Amino acid sequence: MIGIVVVSHSPALAEAAVALADEMVHGSGPVVAVAAGAAGGFGTDATEVRRALEKASSPDGVLVLMDLGSAVLSAELALELGPIDVPVRLSAAPLVEGLVAAVVRAAGGADLDTVSREAEAALVPKVTSLAEHATPPAALVPAGESDASVRLTLVNPQGLHARPAAQIATAVGGLSADVAVEAGGRRADASSSLELMTLGAGQGVEITVSAVGADAAQAVAAVREMVEAGFGELEAS
Amino acid sequence: MGSLSVVEAVTVDVLVGWLSAFRDAVHEHGAYLTELDSAIGDADHGANLIRGMDAVMAAVASPPEATGDLLKKVGMTLVTSVGGASGPLYGTFFLRMATASGDATSLDGPALLAGLEAGLEGIVARGKAEAGDKTMYDALAPALAAFSSSLDGGASLADAARAAAGAAAAGRDATEPMLALKGRASYLGERSIGHIDPGAASSALLLDSLAGALS
């Protein structure tokens, strides 16, 4: 049976999550070791993660579930602190849902790959059952009612990937205008780099930038300038 | 080494002087670091680094002979005592610098630079940060570039470290208009704009302390 490590900023959060998961298997589940808290407060400690990895170590492998950002950093650093002779997988799964799913599946004797997949898919039932409550998209500039708009073609090689999306979000974020970017029939709030990236707009794609508000013209002009300059990614000619 | 001579070899004692200066700097500027962190993070950066550097100075009270052993002790102490994301990040920085420094009892300019660069590579590997993400990278990367080009230009270790400290401060200030793309600040999205990144600010203190220790 694989072992499981829980890395959390909070000992109380980790212990409760483990107890919740154990209710599903009544003590017949995998070894679940906890590394939570640091220096007496919220935080994570890579040496504690290391100790937890040793405690949960199994020739079948160890799955590591983590909460917020620095828990991931500490888990990665723990792997760097010395060789570990069993397979270890850091899971992108949400902590609570992922842990419950992983404990149940591991208790059934599934291998590391299977348990890891099960944990990563643990949000699916929640997302499916709550589909009708899904958060509506942010209020956007109504189509055809903008104070300023422009159609542009993405000329930089990668299109609206993370960095150009962040550049646009930064530029319009400080302005007094609601700005939308439309591509391929989908609309995104230009102040959200995540939404812009979900447009999946690559090189050569036409986008429409529209804005309402006092700074609408300025916002559209700023985006136009960045797009036409290829977000600084074009080779100097 | 006479008391008036310029530092040209970075011994364990010089490194301890650097760490001690950094400890003093985080004490002096701890409230400022926490204030920056309260704007875009979880308001603990100053307190975390004060706790971490106090623990480091206690741990190196009787320093080992090799620079690598000293730096490893620093890294491990930060990992166990800091708590926030700066623990694994600064911890990784010193642990990678330790590996690069190895058994050497003193480091010349290029060896010190190689150690610092290994540390920065560690931070990149850990945090997946790139230029412009509003992180400590934005202070450290220009600092090491300045250190490197100063050494190449024949500058003394002290002058190279001063150039690095100046570049780190400029890099810190340049994080103010950036949109945070990493760490807790990235949850804030555009609200992170207009605040200096606390990690870049503490990194600038680290380089300023190095310049002080090498002068």
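The values are calculated or read from the model by the stated rules, or taken from the named source; none is laboratory data. It should be emphasised that the depicted structure is a prediction, and the values quoted were computed from it without experimental measurement. Counting neighbours? That spans all protein chains shown, and the Cβs are built from the backbone with ideal geometry, glycine included. Only protein heavy atoms, including side chains, enter the accessible area calculation; ligands, DNA and RNA are left aside. Shrake-Rupley method; radii C 1.70, N 1.55, O 1.52, S 1.80 Å.
Would you tell me the mean number of C-beta atoms belonging to other protein chains that fall within 10 Å of each C-beta in A:33-42, as a whole number?
Counting other chains' Cβ atoms within 10 Å and averaging over A:33-42 gives 3.
What percentage of the solvent-accessible surface of chain B, computed with a 1.4 Å probe over protein heavy atoms, is contributed by carbon and sulfur atoms?
Carbon plus sulfur share of accessible area: 54 percent.
Leaving out same-chain residues fewer than 8 places away, which lysines sit with a Cα under 24 Å from that of B:Lys134?
Correct list for B:Lys134: B:Lys182.
Within 10 Å of each Cβ in peptide B:77-86, how many partner chain Cβ atoms are there on average? Round it to a whole number, please.
6
Using each residue's phi in the range A:172-184, evaluate 6.51 cos²θ - 1.76 cosθ + 1.60 at θ = phi - 60° and report the 3J(HN,Hα) Karplus result to the nearest Hz, with x for Gly and Pro.
Each residue's phi maps through the Karplus curve to give 8, x, x, 9, 8, 7, 8, 10, 10, 10, 10, 8, x Hz.
Skip the ligands, DNA and RNA, and give the accessible area per residue of chain B with a 1.4 Å probe, whole Å².
Spelled out: the 1.4 Å probe surface of chain B, per residue, equals 38 Å².
Mind checking A:190-198 for the average number of partner chain beta-carbons within 10 Å of each residue's beta-carbon? Please report the intermediate quantities before stating the final value.
Working: counts 0, 3, 2, 5, 2, 0, 0, 0, 0.
Whole-number average of other-chain Cβ neighbours for A:190-198 is 1.
First check a/c for the protein assembly as shown, with a ≥ b ≥ c the square roots of the eigenvalues of its C-alpha gyration tensor; if it is under 1.5, answer rounded, and if not, answer prolate when a/b is larger than b/c or oblate otherwise.
Oblate shape, in that a/c is at least 1.5 and b/c is the bigger or equal ratio.
Aspartates and glutamates near A:Lys126 by alpha-carbon distance under 17 Å, same-chain residues fewer than 8 away left out - which ones?
A:Glu97, A:Glu118
Give me the 1.4 Å probe accessible area per residue for the range A:1-97, excluding ligands and nucleic acids, in Å².
Per-residue accessible area for the range A:1-97 comes out at 42 Å².
Given a 1.4 angstrom probe, I'd like the percentage of the accessible area of the range A:3-129 that is carbon and sulfur, rounded to a whole number.
58
Can you give me the Cα centroid spacing of the range B:11-73 and the range A:171-204 in angstrom?
42
Which far-off residues, 5 or more places away or on another chain, put their amide H under 5 Å from the one on A:Ser191, with H placed in the peptide plane?
Correct list: A:Val179.
Alpha carbon centre of the range B:176-212 versus the range B:114-172: separation in Å?
After rounding, the separation between the Cα centres reads 15 Å.
For the range A:148-232, which whole percent of the accessible surface, found with a 1.4 angstrom probe, sits on carbon and sulfur atoms? Kindly include the intermediate steps, with their values, before the conclusion.
Numbers: 1740 of 3560 Å².
Of all accessible area on the range A:148-232, carbon and sulfur atoms account for 49 percent.
Which peptide among B:15-21, A:65-71, B:129-135 comes first, and what is the full order, when sorted by highest mean count of other Cβ atoms within 10 Å?
Taking the mean over residues of other Cβ atoms within 10 Å, the ranking is A:65-71, B:129-135, B:15-21.
Toward the positive end of the charge dipole of chain A, about the Cα centre and with charges on Cβ (Lys, Arg +1; Asp, Glu -1), which of A:Gly109, A:Ala211, A:Ala134 goes farthest?
Value computed over the given set: A:Gly109.
Beta carbons within 10 angstrom, averaged per residue: use that to sort the peptides A:102-108, B:99-105, highest first.
Details: A:102-108: 22.9, B:99-105: 17.3.
The most tightly packed comes first, giving A:102-108, B:99-105.
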